[in-house]
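Please read the structure below before turning to the comments.
The values are calculated or read from the model by the stated rules, or taken from the named source; none is laboratory data. As the structure is a computational prediction, the values presented were derived from the model and not from experiment. For neighbour counting, all protein chains shown are included, and Cβ atoms are generated from backbone atoms with ideal geometry for every residue, glycine included.
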Amino acid sequence: MEFMGDRATLLETGRFVQPHAGKVADAIDAVVGADRHGNDDTDDSNTDALETAGAEARHRSAADAGDTAAMSVLGALLLRRGDLDGAEPYLRGATADGDRAAANNLGVLLHQRGYADEAAGWWRIAAVAGSAAAAHALGRHFRERGDEPAAEYWLRQSAEQGHALGAYALADLLEHRGDTGAERWLRTAAEQGHREAEYRLARALERRATEECRKSDEIGRLVHRAPAGRGATTDAARTAGVQGARAGAAQPRSIDGGRAGKAAAPARRARTAEAAQPAAVGRGQGDAAYPGAVWQTDAALRKLAEAEAAAGRADTDPAANTEAHGTSRAGRRARSAANGTGAHRRPVTTGDAPTGRSGESPAADRRPPAPGEALLDEAAQWYRQAAARGHRRAALHLGAILEKRGELREAGRWYLTSAKDGEARAACALGFLLRDAGDEESAAVWWLRAAQDGDGNAANALGALHAARGEQQTAERWYRAAMDAGDVNGAYNLGLLCAAQDRTPQAEQWYRRAAYAGHREAANALAVLLLQAGDPVGAEPWFSKAAEAGSVDAAFNLGILHAGRDDDRRALTWYERAAAAGHTEAALQVGIALLRDGDDQGAERHLRCAAGSGSAEAAFRLATVLDSRRPLPGPPALGEPVAEKSECEEWYERAAEQGHRRAQVRVGMLAAGRGDMTEAARWYREAAEAGSRSGAFNLGLLLAREGSEREASLWWTRAARAGHGRAALRLALLAARRGELAEGQRWCATAVELGPAEVSERAARLREALLQELPA
């Protein structure tokens with residue numbers, strides 16, 4: 001390996017120390033420094049003057065008279081024009097006189113003619129003489145030859161002399177080897193205005209920010225999303241498919257620890273995977289499908305600005321941030337618990353509308369920066385610089401960061417810039433942004449444009465849009481376009497479409513095709529179909545494959561499957577795995593299991609996670625746990641103010657407002673204990689009308705105390721027929737007071753049968769008394 005030139009010896013000859021070799025040589029050094037990779041080592045400061053006919057004539061005259069500088073400049077000019085035959089004699093003449101720029105450009109000429117080794121020789125001479133451009137070209141030459149140590153040496157020589165292309169090429173080499181020093185040289189090149197270096201530096205900073213945030217377990221606080229993927233492998237994926245109906249599955253443990261009367265449905269969510277290239281659709285046909293599809297960019301950006309402003313108002317409006325159930329303290333605790341490890345996340349979809357920063361409170365502004373946030377801010381700055389120089393992928397990534405920050409109009413502007421430059425993914429992202437702003441028609445226009453340019457995710461989005469409109473054939477056509485181009489989501493979405501139309505065999509075919517291609521949600525959906533068909537043995541491997549690939553739903557469904565086999569230990573293992581990934585129902589099941597085992601603290605933690613994510617049953621059970629720790633209230637003192645609602649009451653109310661019947665009864669009882677009979681009657685009535693026998697019984701008691709025995713008997717009758725023994729006993733007493741002895745005996749017999757023991761005993765004594773009163 002011969003790459004260490006003896007620079008001192010060459011310089012001592014004086015061949016490469018020319019009086020004119022200052023400004024002129026440095027300018028020409030890069031005039032034609034282009035190789036076959038399209039790298040341009042040019043400094044165009046003198047280009048305009050050199051390209052004039054008069055200047056060329058003067059240089060030619062001087063060159064013919066033996067002027068070395070003129071020969072070098074003229075040779076560079078002819079080389080730039082592609083006149084290799086005309087340039088070579090002048091460049092060789094200037095090189096013979098020791099002009100380093102001519103030596104570099106002669107190397108370029110020979111490289112273009114295919115004489116790579118001879119070109120390297122001249123580059124070496126120029127590089128040893130101090131030409132940064134030649135050192136860069138020589139480094140590239142050695143890298144092409146696979147001689148990375150030599151390549152690194154010459155590229156480092158170029159980079160250390162301040163050559164932007166040399167710094168970038170060195171960074172590329174170091175990054176290829178996994179060397180941490182790559183970022184330093186990317187920064188060096190970026191600071192000199194190298195567009196691609198700016199983009200790649202931003203990408204490196206973004207990756208570091210994500211990793212730093214992941215290590216700190218605060219990914220939710222970081223506004224990162226990789227726009228290139230937009231798939232199921234990240235949490236930044238939008239659903240481009242249609243939601244399938246939930247299917248029945250093996251019976252899991254019920255919330256009471258016994259068998260559920262109704263089978264719990266294994267969850268199934270539609271998610272997109274990596275976007276691929278769908279089959280192109282003719283632009284004329286697409287434009288006809290969306291009349292008026294001229295890119296209404298101003299209107300679209302105005303709509304995004306309105307959406308951004310609306311999001312800001314929602315963030316700053318106290319009323320908008322009030323808990324829907326009126327349980328501010330419980331709501332705060334719910335949100336706090338939802339940030340824990342067991343918090344449930346709803347299905348993430350490619351381009352879900354982000355939360356904005358613009359409406360954050362001053363307290364939020366004073367919060368410590370999230371891990372990685374400073375890195376991400378710096379990445380955004382470099383993306384912005386590269387995008388301003390016309391880098392379309394930088395504009396795409398910048399738009400993604402701004403979108404997650406809630407700066408929708410600015411994000412849309414960069415997406416638009418990238419899309420107009422031909423970036424299909426940006427057009428697709430702009431479509432999702434417009435859809436989230438409520439403008440489906442404009443979204444469809446951009447999705448169509450992206451799909452026609454080869455974006456599979458956009459094709460899937462169009463399919464979902466048409467499916468939602470009931471245009472099944474059009475939806476299927478778009479899904480097939482995505483699938484035929486290799487997008488596995490197309491097959492999965494076709495499965496969902498067929499399942500929604502009860503075309504089970506076709507759905508199974510598409511699910512199986514996507515599952516074999518590695519689509520984890522398709523594997524889960526296939527397992528659900530097999531389970532429905534009575535094949536749990538065939539379903540289990542697919543559930544396992546999906547769960548091991550990261551499907552939270554499949555992990556939960558495996559828990560259901562094992563619970564149905566009375567294998568509580570393995571069921572709990574899968575429930576815990578799904579709960580740790582944020583599955584609400586799994587967190588509830590873990591909480592129930594821990595309560596059954598006597599671990600109240602662990603149960604409370606999981607129940608808080610599930611309740612904070614919207615589970616009414618978890619909220620009720622959490623309230624029950626907290627209620628059991630409360631001391632029994634003493635009699636109220638005279639003039640004592642009404643006590644503030646406790647946390648358990650707030651959780652009861654939260655569950656009650658979600659329609660939980662037992663919680664409604666409990667809230668009614670608490671209201672009655674405070675003397676608020678109107679509130680108690682309201683909750684009892686809601687529970688009774690929803691089918692709660694306890695609610696109906698308690699409502700009857702209130703009505704009877706108010707003198708409405710007729711209406712009370714109606715509610716007691718409903719409760720008794722639903723199996724409430726005390727209600728049957730009340731009806732028997734009511735009939736006895738009215739002298740309806742036969743009716744009273746009948747209700748006594750019902751009460752004896754229904755129980756509990758105390759009620760059965762009292763009903764039996766009453767029945768005997770009524771028998772004695774009956775006429776012989």
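Is it fair to say Asp48 is at pLDDT 90 or above, of a type in the set (Asp, Glu) and surrounded by fewer than 12 Cβ atoms within 10 Å (Cβ to Cβ)? Please lay out each step first, then the result.
On the way: at pLDDT 90 or above: no; of a type in the set (Asp, Glu): yes; surrounded by fewer than 12 Cβ atoms within 10 Å (Cβ to Cβ): yes.
Criteria not met by Asp48.
Farther than 30 Å from Ala159 by Cβ, in the same structural domain as Gln157 (by TED's automatic domain parsing), among the acidic types (Asp, Glu) and loosely packed, with under 15 Cβ neighbours inside 10 Å: is that true of Asp85 in this structure? Taking the combined requirement at face value, the residue satisfies it. All conditions but one from (1) surrounded by fewer than 16 Cβ atoms within 10 Å (Cβ to Cβ); (2) over 10 Å from Gly495 (Cβ atoms) apply to Ala539; the one that does not is (1). The single condition among (1) touching a Leu at 6+ places or on another chain (Cβ under 9 Å); (2) more than 22 Å from Arg630 (Cα to Cα) that Ala680 does not meet is (2). Within the range 135-149, the residues that satisfy the criterion of being among the acidic types (Asp, Glu) and either under 23 Å from Leu109 (Cα atoms) or assigned to a loop (DSSP other than H, G, I, E, B) (or both) are Glu144, Asp147.
Only one of the numbered conditions (1) assigned by TED's automatic domain parsing to the domain that holds Cys609; (2) not in a helix (DSSP H, G or I) is not met by Gly518, and that is (1).
So which residues in the range 454-477 are out of contact with any Phe, Trp or Tyr (no Cβ under 9 Å at 6 or more places or on another chain), farther than 20 Å from Gly518 by Cβ and surrounded by 24 or more Cβ atoms within 10 Å (Cβ to Cβ)? Selection gives Ala475 alone.
In the range 515-565, what count of residues is obtained for those that are without any contact (Cβ under 8 Å) to a residue 24 or more places away in the chain and of a type in the set (Ser, Thr, Tyr)? Residues meeting the conditions: 2.
Taking the conditions (1) without any contact (Cβ under 8 Å) to a residue 12 or more places away in the chain; (2) over 43 Å from the mean Cα position of the chain (by Cα) in turn, Glu689 satisfies each one other than (2). Among the residues of the range 534-574, write down those that are part of a helix (DSSP H, G or I), of a type outside the set (Phe, Trp, Tyr) and farther than 22 Å from Leu588 by Cα. The answer is Pro536, Val537, Gly538, Ala539, Glu540, Pro541, Lys545. For Pro89, the conditions (1) at pLDDT below 90; (2) out of contact with any Leu (no Cβ under 9 Å at 6 or more places or on another chain); (3) not in a loop (DSSP other than H, G, I, E, B) all hold with the exception of (1).
Please enumerate the residues belonging to the range 727-772 that are in a loop (DSSP other than H, G, I, E, B) and over 20 Å from Leu703 (Cβ atoms). Walk me through how you get there before you give the answer.
In the first step, residues of the range 727-772 are kept if they are in a loop (DSSP other than H, G, I, E, B); the result is 738-740, 755-756.
Selection gives Gly739, Gly755, Pro756.
A residue that is in a helix (DSSP H, G or I), of a type in the set (Gly, Ala, Ser) and within 35 Å of the chain's Cα centre (by Cα) can be found somewhere in the range 150-167.
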